[in-house]
Structures are given as structure tokens and as C-alpha cells.
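A short write-up of the structure that comes next.
All of the numbers you see were taken from the coordinates with simple rules; none came from a lab. Everything numeric in this text was worked out from a predicted model, so none of it was measured. As a convention, Cβ positions derive from the backbone with ideal geometry for all residues, glycine included, and neighbour counts pool all protein chains shown.
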Amino acid sequence: MSELIREMLALPEGHDKLLLHSCCAPCSGEVMEAIQASGIDYTIYFYNPNIHPQKEYMLRKEENMRFAEQHGIPFIDADYDTDNWFERAKGMENAPERGERCTMCFDMRFERTALYAWENGFSAITSCLGISRWKDMKQITGCGERAAAPYPGMVFWDYNWRKKGGSARMIEISKREHFYQQEYCGCVYSLRDSNLHRKSQGRGLIKLGVKYYGDEDDE
């Protein structure tokens, strides 16, 4: 890891307890360490019914839980209600990445995050999803703000986790921790499209549970 002097982060004024929606350990590693270095009181909320198949879901969840335990951070393991996700995805099966299906998916996950936050005394929510260069920050922020809006006083913290080297540190931490390296966003449709792209390039199909950050350094 490179030597790092972190800036002190602060929640929006008037807020002191944060619920962090997390999708996986690689995306949340830098976010968690940045939040913790600033002394912010936070809890992780893992709600990702989009992740398919269940083997992939468990790989991502269990690794995220392990990293949270390593840092002493509370981890909320929410429902894997895939039926509800597929119901909401009807008609969007062929939508492109960053399209309407992704908006629906973010909406669904952030709505549940905001509800849990409201019921359990959290005044601010955020997500690690935006640290990935594959995601649309404006799309994520819009979904987060929409989810928080029904609850008086609640805010979606729209901090840009990519800035000031955040994306690079995400990779550094992933290699340091030897995190599982997923090769598609998560849903069955992104798996389908990723495999179609790989086939068009003459590459093999994605194999679950075999690729880890840092392995390429040993080749």
C-alpha cells in the first residue's frame, strides 16, 4: 500500500450516524477505511437481491462480512428477495448497462436501505456503488436522493468516492486483502451480456469463484 494521509470527511451538517449500503468487499474496502479514518459512526447494510446466481451472492456477501468483522463494523444482512427483484425487472431484460434496469435496481436497493435507516435511527445513507468506474455517478446519486426523500430529515450523502485517488486505493486494498474479483455487475442479465461479449472476443465464459485480486501479480 502506498503511504496515505487521508482527509477528514464529515457527514452533511446535522447528521452523525451513517448507514452504508454495500454491494461487495472490493467496492466497499476504500469507502469503509475512509469513513473509519474520519471517526464517523456507521453500519454496513447488505441488500443486493440482484446478484445472481446464489453462489455468486454468497461469495460477495461472506467476503464483505469478513472484512466488516475485521474492522469491527456492524453488518446488517438483509433479505435475498430475488422474486421481488425479477418482478421489478420485467420488461427491462434487454436494457443496456446504466439504463433503466440499473435505475430500477438502485432504486430498489436504496429504498430498502432508507427504510431500514429510518426505522433504526440513521439520519444519513450512502453507497459504495459509485466508486466503480463502470457506474454512472449521477444515476446513483439520483436514486439515493429519491430513496431518502420520503423520510423527513434524512439525506443521501453524495460524496464522490472516486476522487483524490479513491478508485486506485480501491484496487490497492483489494489486492492487499486478496478479495474475490467478480467479473460482471451482478444480475443474470449482466452475466449474460458479459458472456456474450467474451464469446465475441474468443474468450472463455465467466467462471464463478476463481479469480482474486493480486493473483495476476504472481503470474
Quick shape check on the chain: root eigenvalues a ≥ b ≥ c of the Cα gyration tensor, a/c under 1.5 is rounded, otherwise prolate if a/b tops b/c, else oblate, and it reads oblate
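Once you sort the root eigenvalues of the Cα gyration tensor of region 110-160 as a ≥ b ≥ c, which label holds: rounded (a/c under 1.5), prolate (a/b larger than b/c) or oblate (the other case)?
It is prolate, given that a/c is not under 1.5 and a/b is the larger ratio.
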Under the Karplus relation with 6.51, -1.76 and 1.60 and θ = phi - 60°, whole-Hz ³J(HN,Hα) for region 149-158, x at Gly and Pro, equal 4, x, 10, x, x, 7, 10, 9, 6, 9
For Tyr45, other-chain or 5+-apart residues with amide H closer than 5 Å (H placed, Pro excluded) are Leu20, His21, Ser22, Ile76
Calculated from DSSP helices alone, with each H run of at least 4 adding -39500 (n - 2.57) and the total divided by the residues of the chain, [θ]222 nm to the nearest 500 comes to -14000 deg cm²/dmol
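Considering only DSSP beta bridges with both partners in region 17-218, what is the antiparallel share in %, to the nearest 5?
Close to 5 percent.
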Counting sequence-distant residues (5 or more places) and residues on other chains, those with an amide H built under 5 Å from that of Lys17 are Ser123, Ala124
Any lysines whose Cα falls less than 20 Å from that of Lys207, other than same-chain ones fewer than 8 residues away, would be Lys55, Lys61, Lys175, Lys199
Counting Lys and Arg as +1 and Asp and Glu as -1 over every other residue whose Cβ sits under 11 Å from the Cβ of Arg146, the net charge comes to -3
Summed over the other residues with a beta carbon less than 11 angstrom from that of His21, with K and R at +1 and D and E at -1, the charge totals +1
Here the relative contact order (percent) of region 65-219, from C-alpha pairs under 8 Å and at least 6 apart, is 17
Diffing region 10-24: the Karplus 3J(HN,Hα) column from phi (6.51, -1.76, 1.60, θ = phi - 60°), in whole Hz with x for Gly and Pro, holds 9, 5, x, 3, x, 10, 9, 9, 10, 10, 9, 6, 10, 9, 5
